[in-house]
Amino acid sequence: VQLQASGGGLVQAGGCLRLSCAASRTFSRFNVMGWYRQAPGKQHELVARITSNGITNYAESVKGRFTISRDNTTNTMYLQMNSLKPEDAGVYYCTLTVAGATSTYWGHGTLVTVSS
């Protein structure tokens, strides 16, 4: 499976971006797609994730500002990011975990830069 993330860029604080992640195939089994980010010098942190039946959860730091969604017909996941803060900056990675699989698929990251 290949995951292709896009949509990153440079935005001013308070601005918005929409990230997309396209998976190269579909899965009939239950699965979870997610967004992780990594700021310089820090570890990966979970931003948000969504199950194949639409259940979502978010990091506390992004609740109320970010919205994760997915379109199972096009194998695409989205992350709408509003009211961006400088601390939201980093490389954003999309992931896919399929029920019964032994590992999680990771896509290449997309860089988000937020200027203050």
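The values are calculated or read from the model by the stated rules, or taken from the named source; none is laboratory data. All figures in this text were calculated on a predicted structure; none of them were measured in a lab. When we count neighbours, we look across all protein chains shown, and the Cβ atoms used for this are built from the backbone with ideal geometry, even at glycine. The accessibility values were calculated without ligands, DNA or RNA, using every heavy atom of the protein model including side chains. Shrake-Rupley method; radii C 1.70, N 1.55, O 1.52, S 1.80 Å.
Considering G64, G15, G34, G8, the condition of being open to solvent by less than 80 Å² (accessible area, probe 1.4 Å), more than 17 Å from G109 (Cα to Cα) and at pLDDT 95 or above is satisfied by G15 alone. Screening the stretch 95-116 for residues that are under 22 Å from Q43 (Cα atoms) and open to solvent by less than 30 Å² (accessible area, probe 1.4 Å) and picking the one that is farthest from the chain's Cα centre (by Cα) gives V114. Scanning the stretch 22-29 turns up no residue that is within 12 Å of the chain's Cα centre (by Cα), on the phi < 0 side of the Ramachandran plot and open to solvent by less than 40 Å² (accessible area, probe 1.4 Å). Mind listing just one residue for me: the one in the stretch 41-51 that is part of a loop (DSSP other than H, G, I, E, B) and touching a residue at least 40 places away in the same chain (Cβ under 8 Å) and, of those, most open to solvent (accessible area, probe 1.4 Å)? Among residues in the stretch 41-51 that are part of a loop (DSSP other than H, G, I, E, B) and touching a residue at least 40 places away in the same chain (Cβ under 8 Å), the one most open to solvent (accessible area, probe 1.4 Å) is K42. Does any residue of the stretch 37-47 turn out to be on the phi < 0 side of the Ramachandran plot and touching a Ser or Thr at 6+ places or on another chain (Cβ under 8 Å)? The answer is no; no qualifying residue exists.
Within the stretch 83-94, the presence of a residue that is touching a helix residue (DSSP H, G or I) at 6+ places or on another chain (Cβ under 8 Å), surrounded by fewer than 13 Cβ atoms within 10 Å (Cβ to Cβ), outside any strand (DSSP E or B) and not acidic (D, E) is excluded. Considering the conditions (1) within 21 Å of A99 (Cα to Cα); (2) open to solvent by less than 60 Å² (accessible area, probe 1.4 Å); (3) assigned to a strand (DSSP E or B), G54 is excluded by exactly one of them, (3). Filtering the stretch 57-82 to residues that are assigned to a loop (DSSP other than H, G, I, E, B), under 19 Å from Q2 (Cα atoms) and touching a residue at least 24 places away in the same chain (Cβ under 8 Å) leaves N72, T74, N75. Exactly one residue out of Q43, Q38 is under 27 Å from T102 (Cβ atoms) and touching a Gly at 6+ places or on another chain (Cβ under 7 Å), and it is Q38.
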